[in-house]
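Notes to accompany the following structure.
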Amino acid sequence: MIEIKGLSHSLGKKLILNDIDLTLNDGSVMGLVGINGAGKTTLLRLVSGVYNADAGEILIDGVPNSEESARRELFFLPDDPYYTTYTTGKNLFDMYSVFYPQMKRETFEQYMKDFALDSKKPIRNFSKGMRRQLYIALALSVRPKYLLLDEAFDGLDPLARLAFKRAINTLVEENGTSVIISSHSLRELEDFCDCYALIDKQTIASSGDIAERVERFCKFQLAFTREIDESAFDGLPTVSVEQSGRFFRIVLEGRADEMSSRLEALCPAVIEQMHMDFEEMFIHEVEKRGYLK
């Protein structure tokens, strides 16, 4: 279990995170979301020990993350990992295996083969997506108890994304690995994350089970035979209303069956419930806090 308690941190004079409390349970896959600059990368760097927090504590299975024994349980894959002009995949494996002696070369080479990459070639000759696949192969060959991924899908083509998600699921199921993954691709996160944390205004604005959170919202499409405007929905827990003539698309916070009954009372000619996903929920959450207006 990763426990973050009262965590605060500034970069220069700018406060990035303030009094963060967050827990990642064993075997969970958490999607870390927020607008650009919200502090997602900073939080991952703090948990991994790249940064030392100004205040608060981070515990890895009850041990402060400043302890080497705690950091050995964790692997952090940043958005743009450092490498030199002559670095190869083989060089990277040799370097990481010093700190992670449990790494297996045959596992790494198998992933490299799956990704059609040559571990003996300089990384500078790889595309961004190929470099990302190389580092993913390293992360998966470590088989860490805790895996932190920053913008993990960036640069990956659809087939590589699918292979990556399958590999993460296998790692979680077989190794019991817990994962925190930040990404702007929320539909990708919804596919395989079971929980989320939204960073907004330097703190955790909301968190919890993704499916349960999405189910708190519902969306309907309605059509009326009479003239009507948005005021007809006054008194309902509306999140957003879009109108096109006599057609409306409305998002409400509440149980779908209850909201459907209340909308039926307005006597629409047509009422249809629509699918609501995690990305839409995120947009409505940040709009509610004053963004995207």
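Considering only residues that are at positive phi and surrounded by 14 or more Cβ atoms within 10 Å (Cβ to Cβ), which ones fall in the stretch 202-241? Break it down stepwise before answering.
Keep residues of the stretch 202-241 that are at positive phi, which gives 202, 208, 235.
Matches in the stretch 202-241: GLN202 only.
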Of all strands (runs of 3 or more DSSP E) fully inside the stretch 1-95, the set with 1 or more residues that are farther than 30 Å from PRO122 by Cβ is 2-11, 14-24, 29-33, 55-60
Of the residues GLU106, GLU173, which is open to solvent by 30 Å² or more (accessible area, probe 1.4 Å) and within 25 Å of ASP26 (Cβ to Cβ)? GLU173
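When only residues in the stretch 247-262 that are part of a strand (DSSP E or B) and not aromatic (Phe, Trp, Tyr) count, which is most open to solvent (accessible area, probe 1.4 Å)?
Residues of the stretch 247-262 that are part of a strand (DSSP E or B), as a first pass: 247-253.
With the extra rule that they be not aromatic (Phe, Trp, Tyr), the set shrinks to 249-253.
Numbers: ARG249: 93, ILE250: 0, VAL251: 6, LEU252: 0, GLU253: 63 Å².
Across the stretch 247-262, the extreme among qualifying residues is ARG249.
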Quick one: in the stretch 158-191, of everything that is in contact with a helix residue (DSSP H, G or I) (Cβ under 6 Å, 6 or more places away or on another chain) and in a loop (DSSP other than H, G, I, E, B), which residue is nearest to GLY208 (Cα to Cα)? SER183
Enumerate the pairs (first residue in the stretch 232-251 and touching a residue at least 40 places away in the same chain (Cβ under 8 Å); second residue anywhere and surrounded by 15 or more Cβ atoms within 10 Å (Cβ to Cβ) and of a type in the set (Phe, Trp, Tyr)) with beta-carbon separation below 9 Å, excluding pairs fewer than 6 apart on the same chain, so at least 6 apart or on different chains. VAL239/PHE217
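From the residues in the stretch 189-199 that are under 20 Å from GLU253 (Cα atoms) and out of contact with any Phe, Trp or Tyr (no Cβ under 6 Å at 6 or more places or on another chain), which one is surrounded by the fewest Cβ atoms within 10 Å (Cβ to Cβ)? Can you show your working first?
To start, the set of residues in the stretch 189-199 that are under 20 Å from GLU253 (Cα atoms) comprises 190, 195-198.
Imposing the further condition that a residue be out of contact with any Phe, Trp or Tyr (no Cβ under 6 Å at 6 or more places or on another chain) reduces the set to 195-198.
Working: CYS195: 19, TYR196: 23, ALA197: 23, LEU198: 23.
This residue is CYS195.
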Scan (1) open to solvent by 70 Å² or more (accessible area, probe 1.4 Å); (2) farther than 29 Å from LEU134 by Cβ; (3) without any contact (Cβ under 8 Å) to a residue 40 or more places away in the chain for the single condition PRO64 breaks and write down its number. (1)
When restricted to TYR86, TYR51, the only residue surrounded by fewer than 20 Cβ atoms within 10 Å (Cβ to Cβ), among the aromatic types (Phe, Trp, Tyr) and farther than 29 Å from LYS201 by Cβ is TYR86
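With PRO144, PRO101 as the choices, which residue is open to solvent by 50 Å² or more (accessible area, probe 1.4 Å), of a type outside the set (A, V, I, L, M, F, W, C) and either over 23 Å from the mean Cα position of the chain (by Cα) or closer than 30 Å to LYS5 by Cβ (or both)? Give the steps one after another, and end with the answer.
Numbers: PRO144 fails: open to solvent by 50 Å² or more (accessible area, probe 1.4 Å).
Sole residue among the options that is open to solvent by 50 Å² or more (accessible area, probe 1.4 Å), of a type outside the set (A, V, I, L, M, F, W, C) and either over 23 Å from the mean Cα position of the chain (by Cα) or closer than 30 Å to LYS5 by Cβ (or both): PRO101.
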Can you tell me which residues in the stretch 121-141 are assigned to a helix (DSSP H, G or I), touching a Ser or Thr at 6+ places or on another chain (Cβ under 8 Å) and either among the β-branched types (Val, Ile, Thr) or surrounded by fewer than 16 Cβ atoms within 10 Å (Cβ to Cβ) (or both)? ILE123, ARG124
Subset of the stretch 104-120, residues more than 28 Å from the chain's Cα centre (by Cα), farther than 20 Å from ALA160 by Cα and part of a loop (DSSP other than H, G, I, E, B), comes to LYS120
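The values are calculated or read from the model by the stated rules, or taken from the named source; none is laboratory data. All figures in this text were calculated on a predicted structure; none of them were measured in a lab. Neighbour counts are summed over all protein chains in view; Cβ atoms, including those assigned to glycine, are modelled from backbone coordinates with ideal geometry. Please note that ligands, DNA and RNA were not included when accessible areas were found on the heavy atoms of the full protein model with its side chains. Shrake-Rupley method; radii C 1.70, N 1.55, O 1.52, S 1.80 Å.
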